[in-house]
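This report refers to the structure that appears directly beneath it.
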Amino acid sequence: MQGFSTLFYKEILRFWKVSFQTVAAPVLTAVLYLLIFSHVLESHVEAYPGVRYTAFLIPGLAMMSMLQNAFANTSSSLIQSKITGNIVYILLPPLSHLEFFLAYVLAAVVRGLVVGSGVLAVTMWLAWPEFKYPLWILAFALLGSSVMAILGLIAGIWAEKFDQLAAFQNFIIVPLTFLSGVFYSIHSLPAFWLGVSHLNPVFYMIDGFRYGFFGASDVSPWLSLAVVSGTVVVLAAFTLQLLRTGYKLKH
Amino acid sequence: MSVAIRFSAVKKRFGELEALKGIDLEVREGEFFALLGPNGAGKTTLISVLGGLTQADSGKAEVLGSDVQRDYRAARRKVGIVPQELTFDPFFTVRETLQFQSGYFGLRRNHAWIDELLEQLGLASKADANMRSLSGGMKRRVMVAQALVHKPPVIVLDEPTAGVDVALRQTLWAFIQRLNGEGHTIVLTTHYLEEAETLCNRIAMLKQGELVALDDKAALMASHSARVLSLRLFPDVLPAALQPLLVSQEGGAYQLKLDDCGTLEAMLATLREAGVAVQDMEILKPDLESVFLDVMGRKRG
Ligand SMILES: Nc1ncnc2c1ncn2[C@@H]1O[C@H](COP(=O)(O)OP(=O)(O)O)[C@@H](O)[C@H]1O
Ligand SMILES: [Mg+2]
C-alpha cells in the first residue's frame, strides 16, 4: 500500500512540477479549438434541439483533452524512464504488478481530470453546458481517462523509442479521438461512417459524457457505460498480464 | 554460517550469445565478496538476474532463502543493488529521490536513516539540489544511497567506483566496510583489483559466462601464483642450473620463480658454487592482479 501511494504521488508530482506544459498548455489548446470552431460553425450547426453548437462542443473538447493527457502521462513517463534507464529504481523494489499498474493509471487519470476541469472552468463562460447529471459526467470522465491511461501504459511498455510512441499516438489515439463525435453529432454522418463510429470506444466515452451535460445523447448512456467499463476491464487484464510476464521491461 | 546469495545453474542467452553458461555460486552471510572478470564476462547480467531485472532462461537465484522469481517481493526487500549504469530521475531533488525509493520499499518514516545516508556519503549539502545539477560522482553517491534506503542485509555494488574521484572511493569504502562490520553481506564488482584485494575476503572470477575461480582470497593468491625471488648478482650472470626458473629479467634484476621457501636454500647454494655473489635480494608476494591475469590467461581456449 505504501509502495503504491509513493509511486502514485511521485507520478503526480512529475507532471505537477511542469504543470505549465502538462496542464496549462492543453487547456489553452482546447480553448483555441472552441473559439475557432464555434466562430465558424455556431450559426450553421445545431447538434441537439435547443443546444447551442458552442455548448455542444464544450464537453467534447473537455473529454478529448482528458483522453489525450491521460494517455500522455503514462506513456511519456514510462518511455522516459526506459530510455534514461531510471526504470530500474521502480523495478528493483518489491512493488507488486497491481501497485505498479494502479499508481501509473490513477496518476494519469488525475492529470486527465485536472485538465478536463480546467477546460470546463474556462469555456463554460462562453456557453453554459448545463451540467444536468453530474454523476454521469464524473463516471465517464473517470472511465474514459482510465482507458487512455491504460493504453498509454501499454504504449509506454511496448515502445523502445520516442518515434514509436509518436506513431502509436498519431495512428491510433488521434484518429480514435477525432473520429468519435467531438466536433459533431454522429447522427449527421452517412450510414457507413455512423456504423464505423459505433465500433470506436471513444465515441461512447464522449457520447455518455455529453449526456451528463445535456440529458441528450446519440445512444443510451447505459450502453455507453457498459462499453467503456468493459473496455477498461479488458485493457486492465491485458496490461496486468504484460506486467506479470515482464514483457519488454525485463530481458 | 547461512547463505546470503545462491545461484544454482543459472543460464542466460541473448540471441546467439551465451551470457551465463550455468553459474553455481554461493555467497555466505557476512562476507565481503568480489565478483571479478573482464568486460562482457557476465557480471552485470548475473546481478540483474539477482535483482529480477533479467529473467534467467533456467536455474534459479535466491537471496537469504527467497527465490527472486517466485518470492520476488521478499527477495527484493533483502537486497540493495547499485546498478552499473549511471541513471537518475531529472525531475526530483536528492532528498525526494531517496524518500520515493524508501516509500517503494514500504517505509514511510525513514528520515533518520536518510539523513544518515546523506551524511555518510557526503551528500548532506546537496540534499535539496536537483539531481540534474549534480556531478557524475555525486549522482553515483545518490545511487548508492538509493540502494541502501531499506537497510538491506545484502548489498550489491556493480562497479560503483568506475570513473569516480578518489574522495568518493574513500568515503564509500569506509561506509561499506562499516556496514560489513555490522553484519551486512557485500558483493562488489570492480576493475580496480587492488580495491578488491584490500576489501574482500572471498573472490569469484567470471570469464565468458563461466565461473573460472572461486575461493577465499588468501587461498586463491597462494594457489594461483608462486612467489617471485628477485636477485641482483655480481658478476651479472645467472648460472645455467637456475635458468629454468627465470620468469623475467628487468633492470639488471633476475626474477626467479620460488615455489616455496624451502627451495631458497638450494638456489643460494647453486649461486655460491658458481662463484656468483648476491648483491640484493627481494621476495615479491603475488598480488591479485597477477592472479587475475594468471587465471584469465590459463583458461584461454
Ligand atoms: N540486453 C542485452 N542484450 C544483448 N546482449 C546483452 C545484453 N546485456 C548484456 N549482453 C551481453 O552479455 C554479455 C555479458 O554482459 P555483462 O553482463 O554486461 O558483462 P560484464 O558486466 O561482466 O561486463 C556481453 O557480451 C554483453 O554484450
Ligand atoms: Mg558490467
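Summed over region A:154-172, the residues that are within 21 Å of A:LEU243 (Cβ to Cβ) and crowded, with 16+ Cβ neighbours inside 10 Å give a count of 8. Residue by residue through region B:43-55, note down the ones that are within 15 Å of B:LEU25 (Cβ to Cβ), in contact with a Lys or Arg (Cβ under 8 Å, 6 or more places away or on another chain) and open to solvent by less than 20 Å² (accessible area, probe 1.4 Å). If the condition is that a residue be within 15 Å of B:LEU25 (Cβ to Cβ), in contact with a Lys or Arg (Cβ under 8 Å, 6 or more places away or on another chain) and open to solvent by less than 20 Å² (accessible area, probe 1.4 Å), then B:VAL49 is the only one that fits.
Only one residue in B:THR198, B:THR189, B:THR171, B:THR185 is touching a Gly at 6+ places or on another chain (Cβ under 9 Å) and open to solvent by 10 Å² or more (accessible area, probe 1.4 Å), so which one is that? Spell out how you get there, then give the answer.
On the way: B:THR198 fails: touching a Gly at 6+ places or on another chain (Cβ under 9 Å); B:THR189 fails: open to solvent by 10 Å² or more (accessible area, probe 1.4 Å); B:THR185 fails: open to solvent by 10 Å² or more (accessible area, probe 1.4 Å).
Every option except B:THR171 fails the conditions.
The residue of region B:11-32 that is nearest to the other protein chains (Cβ to nearest Cβ), among those that are within 16 Å of ligand 2 (Cβ to nearest atom) and touching a Lys or Arg at 6+ places or on another chain (Cβ under 7 Å), is B:ALA19.
Applying the selection to region B:86-104, what residues are open to solvent by 20 Å² or more (accessible area, probe 1.4 Å) and either assigned to a loop (DSSP other than H, G, I, E, B) or more than 10 Å from chain A (Cβ to nearest Cβ) (or both)?
At the first step, the residues of region B:86-104 found to be open to solvent by 20 Å² or more (accessible area, probe 1.4 Å) are B:86, B:88-91, B:93, B:95-96, B:99.
Result: B:LEU86, B:PHE88, B:ASP89, B:PRO90, B:PHE91, B:THR93, B:ARG95.
As a summary of the residue check, A:ILE12 satisfies the conditions (1) within 14 Å of chain B (Cβ to nearest Cβ); (2) surrounded by 14 or more Cβ atoms within 10 Å (Cβ to Cβ); (3) over 21 Å from A:GLY118 (Cβ atoms) except for the one numbered (3). Scanning region A:36-55 for residues that are more than 19 Å from A:TRP125 (Cα to Cα) and open to solvent by less than 70 Å² (accessible area, probe 1.4 Å) gives A:VAL45, A:ALA47, A:TYR48.
Of all residues in region B:130-152, how many are among the hydrophobic types (A, V, I, L, M, F, W, C) and over 21 Å from B:TRP113 (Cα atoms)? Step through it out loud before you land on a result.
In the first step, residues of region B:130-152 are kept if they are among the hydrophobic types (A, V, I, L, M, F, W, C); the result is B:131, B:134, B:138, B:142-145, B:147-149.
Of the ones still in play, those that are also over 21 Å from B:TRP113 (Cα atoms) are B:134.
The qualifying residues number 1.
Of the residues that make up region B:249-266, is at least one of a type in the set (Val, Ile, Thr) and either touching an Asp or Glu at 6+ places or on another chain (Cβ under 8 Å) or open to solvent by less than 50 Å² (accessible area, probe 1.4 Å) (or both)? No, the conditions are met nowhere in region B:249-266.
The residue list B:ARG232, B:ARG227 contains one member that is more than 16 Å from ligand 1 (Cβ to nearest atom), away from chain A (no Cβ under 14 Å) and at pLDDT 90 or above, which is B:ARG232. Restricting attention to region A:58-101, the residues that are out of contact with any Phe, Trp or Tyr (no Cβ under 6 Å at 6 or more places or on another chain) and more than 14 Å from chain B (Cβ to nearest Cβ) total 14.
Select the strands (runs of 3 or more DSSP E) contained entirely in region B:1-85, then report the ones holding at least 3 residues which are within 29 Å of B:ASP294 (Cβ to Cβ). Can you show your working first?
Values: elements: B:3-14, B:17-28, B:32-36, B:58-63, B:79-82.
Filter on region B:1-85 gives B:3-14, B:17-28, B:32-36.
Taking the conditions exactly as written (within 16 Å of the chain's Cα centre (by Cα) and not aliphatic (A, V, I, L, M)), does B:GLN170 satisfy them or not? Criteria met by B:GLN170. The number of residues in region B:56-80 that are within 16 Å of ligand 1 (Cβ to nearest atom) and either more than 25 Å from the chain's Cα centre (by Cα) or open to solvent by 20 Å² or more (accessible area, probe 1.4 Å) (or both) comes to 3. Taking the conditions exactly as written (under 14 Å from A:TYR184 (Cβ atoms) and more than 22 Å from the chain's Cα centre (by Cα)), does A:LEU91 satisfy them or not? The answer is no for A:LEU91. Of all residues in region A:210-233, those that are more than 16 Å from A:SER180 (Cα to Cα) have Cβ atoms under 8 Å from Cβ atoms of residues that are of a type in the set (S, T, N, Q) and open to solvent by less than 30 Å² (accessible area, probe 1.4 Å), 6 or more apart or on another chain, in A:VAL232/A:SER146. Taking the numbered list (1) on the phi < 0 side of the Ramachandran plot; (2) more than 14 Å from every other protein chain (Cβ to nearest Cβ) in turn, B:GLY40 passes all entries but (1). Checked across region B:216-239, the condition of being farther than 30 Å from B:LEU25 by Cβ and in a helix (DSSP H, G or I) holds for no residue.
Of all residues in region B:240-254, none satisfies the criterion of being assigned to a loop (DSSP other than H, G, I, E, B) and of a type in the set (Phe, Trp, Tyr).
The values are calculated or read from the model by the stated rules, or taken from the named source; none is laboratory data. All values reported here derive from a predicted model rather than from experimental measurement. All Cβ positions, even for glycine, are placed from backbone atoms using ideal geometry, and neighbour counts span all protein chains on display. For accessibility, only protein heavy atoms count, side chains too; no ligands or nucleic acids. Shrake-Rupley method; radii C 1.70, N 1.55, O 1.52, S 1.80 Å.
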